[in-house]
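Visitor: Please read through the structure below; I'll follow up with questions.
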Amino acid sequence: MTPVPEWTVSYDVGSAAELQALAAVLAGHLRAGDLLVLSGELGAGKTTFTQGLGRGLAVQDRIISPTFVLVRQHPARDGRPGLVHVDAYRLESAAAVDDLDLEATLDANVTVIEWGAGRVEHLADSWLRVEIIRPLGGAGPDGPGAGPVTDFADDGEDEVRTVTLSGAGPRWAGGPPALPLD
């Protein structure tokens, strides 16, 4: 049975740097075995968020999207947990997720799965959902929302995104982590 979220908290961020800073602070509250399920429209900032987590966890490698390889493993430094970064966009079912054998690395790492909502929660008894909401499109010639969808890190514009964290299961039963932000 999939746990139901026990709490939800939201943060507004106005730039890719702020999104990464939020993720880096969150990383200080994570431990090996934690499962994060990221969702958001194309270009919302899921990989940008994961880059901030990687910085906060002090992983060794540069974080780039795992779109074409599906899974990237990033070992940690200083005895911290590593980071396993998964893109489940092209996976059609929970069975396809199981074929990746993520259970083999789950206990020793923080596992982040983009596009995994509804397909990966069975991997752990607790999970943290991270939803990134962005304005759809920019201000194009036909008005707001008519512009192209662009990536948060590369769009040249800072627009506010809302990051909503929802914790489910015994790991997150104590409530949301306190995230002191500047």
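The values are calculated or read from the model by the stated rules, or taken from the named source; none is laboratory data. Bear in mind that the values here come from a model prediction, so they are computed numbers and not experimental data. Cβ placement follows ideal geometry from the backbone for every residue including glycine, while neighbour counts extend to all protein chains displayed. Areas reflect the complete protein model, heavy atoms only, side chains present, ligands, DNA and RNA absent. Shrake-Rupley method; radii C 1.70, N 1.55, O 1.52, S 1.80 Å.
Visitor: Taking the condition at pLDDT 95 or above, of a type outside the set (V, I, T) and either open to solvent by 60 Å² or more (accessible area, probe 1.4 Å) or out of contact with any Lys or Arg (no Cβ under 9 Å at 6 or more places or on another chain) (or both), does R129 pass?
Guide: Yes.
Visitor: Only residues in the range 29-47 that are over 25 Å from P170 (Cα atoms) and touching a residue at least 12 places away in the same chain (Cβ under 8 Å) count as the first member; pair them with residues that are open to solvent by 30 Å² or more (accessible area, probe 1.4 Å) and assigned to a loop (DSSP other than H, G, I, E, B), Cβ under 6 angstrom, at least 6 apart or cross-chain, and list the lot.
Guide: L42/V149; G43/V149; G43/T150; G43/D151; T47/S65
Visitor: Return the residue satisfying two criteria in turn: it lies in the range 96-110 and is aliphatic (A, V, I, L, M) and in a helix (DSSP H, G or I), and of such residues it is surrounded by the fewest Cβ atoms within 10 Å (Cβ to Cβ).
Guide: A104
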